Each structure stands twice: as C-alpha cells, then as structure tokens.
Amino acid sequence: MQEYFEVGQIVNTFGVKGMVKVMPFTDEIQRFEDLKEVYICKKEGMQTKKIEQVKYHKNMVLLKLEGIEDLTEAEKLKGCYLKIDRKHAKKLPKDTYFIADLIGLPVYTDEGKWLGKVEDIYETGANYIYDIKNEEGKQILLPNIPDVILKIDLENEKIIVHLLKGLVDEK
C-alpha cells in the first residue's frame, strides 16, 4: 500500500504574496482545511511545508505555504505535486478503497483466469470503470458494480471479478 497520497498539483501562482493555485485531486475540496502540512514533490525529493492559509477560487484551492513569501518563490513550485501521509488521509467507509491502492493489483475471474492488472480507474458519474491491461496490452474495461467486481482483497493483493456475458470480447 502507498505511504503517501497525491492530493493536488500546483498549477499556478495567485497574487504577489506567495499563494499557489492547486488543482485538487480529491472529491472533497474542503479537505484541505483539515491539513496542517503537505509534501511538495520535486525532482530532488519531497519537502514538507506547513499550510498557513486555505482559500478557494473557481474549483481550485489557494494555499499560502510557510516560507513562500512572494511571487518569485511561488513560481518555482509550478507543476509540483502535493502529497500527504496515509495517516492524514480521510477515513473511508467499509468496502471503499483509495484508487492508489487498487492501481497495479492483479485481476482474476471467479474461475481463476488471470485478466491483467489495474492500469487506471475512471469515474463516469454512474460508477467507476476499472481499466485492466495484460502483458500484450489488451485492455478490458469493467464497471465497478456488485455483479462484476466481486471481491477486492488488499491483504492478498488481488481483485476477483465476474465477467458478465457480452462484457468482454472473447476474440
């Protein structure tokens, strides 16, 4: 399981006093108000910064980070990703999972056939779609519905699915 979760990306600066504009990667944008610090990920590694202020502007999060006092310093952070420790992540309800924990898990049918690994997960509005790929690059898209996704077993690192008729091209 991942130790850190990406919660956003610094996409721009905001104003001249060192605020940064963050595109959030969370469903609950107000989540940033509960955070005391974030890790700024650069090529050289991660750097911890305390959050001094949180504001919102057009579905973006505006952060004032400790030690970033002007536009020049803030511009150096453009493109950086923000992460938090797993222990600071929101507690999830039973039978819900962090997408980051599912990426890379092997997927098997309920008959024991290996299908591939979870490459990505997309939200469609109605449900999530699991993008599964095998070694040959064959893609299988599976909806996250109870009839298809039977079991997510993080302890044994696998997902068990049932392939409904017509869901997967058998060629």
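Quick check on this structure: which one of K64, K83, K17 is in contact (Cβ under 8 Å) with a residue 24 or more places away in the chain and touching a Cys at 6+ places or on another chain (Cβ under 9 Å)?
K83
Condition (residue is in a strand (DSSP E or B), in contact (Cβ under 8 Å) with a residue 40 or more places away in the chain and farther than 29 Å from D34 by Cα) applied to the range 113-133: is it met by at least one residue?
Scanning the range 113-133 turns up at least one residue that is in a strand (DSSP E or B), in contact (Cβ under 8 Å) with a residue 40 or more places away in the chain and farther than 29 Å from D34 by Cα.
Conditions: (1) under 30 Å from P106 (Cβ atoms); (2) charged (D, E, K, R); (3) in a loop (DSSP other than H, G, I, E, B). K78 meets all but one. Number of the miss?
For K78, the failing item is (1).
For the range 49-61, which residues satisfy the criterion of being free of Cβ contacts under 8 Å to residues at least 24 places away in the same chain and either polar (S, T, N, Q) or in a loop (DSSP other than H, G, I, E, B) (or both)?
Selection gives K58 alone.
Considering (1) outside any loop (DSSP other than H, G, I, E, B); (2) within 20 Å of the chain's Cα centre (by Cα); (3) among the aliphatic types (A, V, I, L, M), say which one L92 fails and leave the rest.
For L92, the exception is condition (1).
Output the residue which, of all residues in the range 95-112 that are of a type outside the set (F, W, Y) and in a strand (DSSP E or B), is farthest from P143 (Cα to Cα). Talk me through it step by step, then tell me what you get.
Taking the range 95-112 and keeping what is of a type outside the set (F, W, Y), we get 95-96, 99-107, 109-112.
The next check asks that each one be in a strand (DSSP E or B); those that pass are 106-107, 109.
On the way: P106: 16, V107: 13, T109: 14 Å.
Across the range 95-112, the extreme among qualifying residues is P106.
Going through the range 140-159 one residue at a time, which ones are more than 21 Å from the chain's Cα centre (by Cα) and in a strand (DSSP E or B)?
If the condition is that a residue be more than 21 Å from the chain's Cα centre (by Cα) and in a strand (DSSP E or B), then L150 is the only one that fits.
Taking E135 as the residue in question, decide whether it is modelled with pLDDT under 90 and acidic (D, E).
For E135, the condition - modelled with pLDDT under 90 and acidic (D, E) - is met.
Would you say E69 is more than 13 Å from the chain's Cα centre (by Cα), surrounded by 14 or more Cβ atoms within 10 Å (Cβ to Cβ) and free of Cβ contacts under 8 Å to residues at least 60 places away in the same chain?
Judged against the criteria, E69 is not a match.
The values are calculated or read from the model by the stated rules, or taken from the named source; none is laboratory data. None of these values were measured; they are calculated from a predicted model. Positions of Cβ are backbone-derived with ideal geometry, glycine not excepted, and every protein chain shown enters the neighbour counts.
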